[in-house]
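The values are calculated or read from the model by the stated rules, or taken from the named source; none is laboratory data. Predicted model, so just to flag it, every value in this text is computed and none were measured. We place every Cβ from the backbone using ideal geometry, glycine too, and count neighbours over all the protein chains shown. When the accessible area is computed, the model is the full protein with side chains, heavy atoms only, and any ligands, DNA or RNA have been set aside. Shrake-Rupley method; radii C 1.70, N 1.55, O 1.52, S 1.80 Å.
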Amino acid sequence: MLDIMLDLETMGTKVTAPIVAIGAVEFDRRDGSIRDQLYWKVSLASAVKCGAVIEPDTVLWWMQQSDAARAQLTGQGIELDAALTHFDIWLSRLRMTKGVCGNGADGGVRIWGDGAHFDNALLKAAYERHDLRVPWTYKENACYRTMKDLRPDVVIERRPGTEHHALDDAVHQARHLAAILKALGLV
């Protein structure tokens, strides 16, 4: 099984929200070790150009975050369609090198996101807005938030890095999920 933790930074919470950063890690669910990672800072203009909608409440929320977190929102980012293509290539490479060709139901890949209707759903919607093939199936979606709710007592020390930075959050969430799975006796 290939486990991927996905984290997005966005300018909204609906599936129409513009994505400004994509972070993802392949991790070992037994110990939370990070095997591979991906991070793309995305051009907000490119996300909006293809139909994404900025939500003012989220912009106001970002204004209250740290300078380091807000740094993802400024400066040069790559075009969203390029980031989506890179994510597809990265995931395909992982599948190929790990010999994984099935779906989540038969031992393939799990794409974990923090909320059944957030990270995975927003990224899928971005692929669809760009008329690109979504590189995972609905059977490969997994919800990290549900796992957190099952064991709220499992807490790990906040990792180094920036809170609300897509890659740093993906690393932390993968490590936390591994601790939860261990506490549940699932690994």
Report relative contact order for region 71-187 in percent, whole number only (criteria: Cα-Cα under 8 Å, sequence separation at least 6). 21
From largest accessible area down, sort Asp81, Asp114, Asp57, Asp119; use a 1.4 Å probe on the protein chains. Asp57, Asp81, Asp114, Asp119
Greater than 24 Å separation of Cα atoms is the criterion. Which listed pairs, Lys14/Lys182; Lys14/Lys41; Lys41/Lys182, meet it? Lys14/Lys182; Lys41/Lys182
Under a crude label model (7 Å from the Cα following the beta-carbon direction), how far is Val100 from Asp88 in nanometres? 1.9
Put Trp136, Trp40 in order of accessible area, largest first, probe 1.4 Å, and you get Trp40, Trp136
For the chain, which span is the longest to avoid every loop-located (per DSSP) member of trypsin sites (Lys or Arg not before Pro) having at most 14 other Cβ atoms inside 10 Å? 31-132
Can you give me the long-range amide H partners of Val20? Hydrogens built in the peptide plane at 1.01 Å from N, cutoff under 5 Å, separation of 5 or more residues or another chain. Glu9, Thr10, Met11
Identify, among Pro152, Val109, Ala126, the residue whose Cα sits farthest towards the positive end of the charge dipole of the chain, taking +1 on the Cβ of Lys and Arg and -1 on the Cβ of Asp and Glu, with the dipole about the Cα centre. Val109
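Given R₀ = 30 Å, what would the calculated FRET efficiency be for Ala45 paired with Arg158, taking r from the Cβ atoms and rounding to 0.05? Kindly include the intermediate steps, with their values, before the conclusion.
On the way: r = 32 Å, r/R0 = 1.08.
Approximately 0.40, to the nearest 0.05.
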Which whole-number value in Å² is the accessible area per residue of region 37-134, probe 1.4 Å? 53
Given a 1.4 Å probe and the protein chains all in place, what does the accessible area of Glu128 round to, in Å² to the nearest 10? 90
Provide the FRET efficiency to the nearest 0.05 for the Ile54-Ile34 pair, computing r from the beta carbons and using R0 = 45 Å. 0.90
